[in-house]
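Colleague: I'd like to ask you about the structure that follows.
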Amino acid sequence: MGLKVYNKKRDFKKTEEPEGVEVEVGSNRFVVHEHHASHFHHDFRLEMKDSEGIFVLRSWAVPKGMPEESNIKRLAVAVEDHPVTYIDFSGTIPDGQYGAGTVAIWDSGTYELLEKGEDKLSFILHGKRLTGEYHMIQPAKFEKKNWLIFKV
Ligand code: MN
């Protein structure tokens with residue numbers, strides 16, 4: 001997906017969010033942002049190569065928050081890839097800007113990828129709050145952007 005969509009949605013003269021720059025090195029980090037926007041949600045982001053071979057934060061909005069216990073399935077809506085530097089971002093996105101509201105880091109850490117497919121991802125999270133094996137699946141009947149995330 002690259003970062004074109006990310007950059008297009010934002011005015012970097014007005015928001016303190018980092019501008020999307022392509023990077024070719026990455027590690028296996030993740031972050032969960034707590035985003036108090038028009039509707040509270042978590043944003044779950046995995047540092048990962050995109051289809052063009054650049055490192056991005058693949059991102060999903062999780063309206064009900066990341067599951068901390070096993071077998072709680074939560075909807076995770078795929079959103080635009082974010083730049084790797086977004087992993088450290090916290091602050092306030094001003095009114096009138098995309099995603100206006102406050103963003104704080106709720107959890108962060110590293111992950112071990114177990115499986116990466118078109119409609120399935122599985123990984124082990126090593127965070128402070130989130131630990132253990134998580135699966136993300138995209139049931140065939142779901143809209144393309146909609147996934148389920150759960151702890152095994
Ligand atoms: Mn968000």
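The values are calculated or read from the model by the stated rules, or taken from the named source; none is laboratory data. Since the structure is predicted, the reported quantities are computational estimates derived from the model, not experimental observations. Cβ: placed from backbone, ideal geometry, glycine included. Neighbour counts: every protein chain shown.
Colleague: When you scan region 119-136, how many residues do you find that are under 15 Å from the mean Cα position of the chain (by Cα) and either of a type in the set (A, V, I, L, M, F, W, C) or over 17 Å from residue 75 (Cα atoms) (or both)? Give the derivation first.
Modeller: Within region 119-136, the subset under 15 Å from the mean Cα position of the chain (by Cα) is 121-123, 125, 127, 130, 134-136.
From what is left, the residues that are either of a type in the set (A, V, I, L, M, F, W, C) or over 17 Å from residue 75 (Cα atoms) (or both) are 121, 123, 125, 127, 130, 136.
Going through region 119-136 one residue at a time, the tally reaches 6.
Colleague: Return the total of residues in region 49-73 being more than 15 Å from the ligand (Cβ to nearest atom) and either on the phi > 0 side of the Ramachandran plot or touching a residue at least 40 places away in the same chain (Cβ under 8 Å) (or both).
Modeller: Total meeting the criteria: 13.
Colleague: Something else: Being at negative phi, surrounded by fewer than 20 Cβ atoms within 10 Å (Cβ to Cβ), acidic (Asp, Glu) and over 15 Å from the mean Cα position of the chain (by Cα) is true for just one of 34, 16. Which residue is that?
Modeller: Of 34, 16, the one residue that is at negative phi, surrounded by fewer than 20 Cβ atoms within 10 Å (Cβ to Cβ), acidic (Asp, Glu) and over 15 Å from the mean Cα position of the chain (by Cα) is 16.
Colleague: Kindly indicate the residue of region 122-131 that is free of Cβ contacts under 8 Å to residues at least 60 places away in the same chain and not polar (S, T, N, Q) and also surrounded by the fewest Cβ atoms within 10 Å (Cβ to Cβ) among those meeting that condition.
Modeller: 128
Colleague: Sort out which residues of region 42-84 are more than 18 Å from residue 138 (Cβ to Cβ) and of a type in the set (Phe, Trp, Tyr), and write them in order of number.
Modeller: Once the filter is applied, which keeps residues that are more than 18 Å from residue 138 (Cβ to Cβ) and of a type in the set (Phe, Trp, Tyr), region 42-84 yields only 55.
Colleague: What residue, among those in region 22-37 that are within 10 Å of the ligand (Cβ to nearest atom) and not acidic (Asp, Glu), is nearest to residue 124 (Cα to Cα)?
Modeller: My answer is 33.
Colleague: Across region 11-30, what is the number of residues that are of a type in the set (A, V, I, L, M, F, W, C) and modelled with pLDDT under 95?
Modeller: The number of residues fulfilling the criteria is 3.
Colleague: Moving on to the next point. Residues 33, 42: which one is touching a Pro at 6+ places or on another chain (Cβ under 9 Å) and closer than 19 Å to residue 77 by Cα?
Modeller: 42 is the lone residue from the list that is touching a Pro at 6+ places or on another chain (Cβ under 9 Å) and closer than 19 Å to residue 77 by Cα.
Colleague: When residue 62 is evaluated against the numbered criteria (1) over 13 Å from residue 134 (Cβ atoms); (2) buried (at least 17 other Cβ atoms within 10 Å of the Cβ); (3) not aromatic (Phe, Trp, Tyr), which criterion, by number, is the only one it fails?
Modeller: (1)
Colleague: May I ask you to say which residue of 43, 11 is more than 16 Å from the ligand (Cβ to nearest atom) and among the charged types (D, E, K, R)?
Modeller: Details: 43 fails: more than 16 Å from the ligand (Cβ to nearest atom).
Answer to the selection: 11.
Colleague: Assess whether residue 40 counts as being without any contact (Cβ under 8 Å) to a residue 24 or more places away in the chain and surrounded by fewer than 20 Cβ atoms within 10 Å (Cβ to Cβ).
Modeller: When the stated conditions are applied, residue 40 passes them.
Colleague: Within region 89-118, how many residues turn out to be more than 16 Å from the ligand (Cβ to nearest atom), of a type in the set (Asp, Glu) and within 16 Å of the chain's Cα centre (by Cα)?
Modeller: 1
Quick grid of which residues meet (1) out of contact with any Gly (no Cβ under 9 Å at 6 or more places or on another chain); (2) over 14 Å from residue 98 (Cβ atoms):
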{"position": "19", "(1), (2)": "yes, no"}
{"position": "24", "(1), (2)": "no, yes"}
{"position": "42", "(1), (2)": "no, yes"}
{"position": "72", "(1), (2)": "yes, yes"}
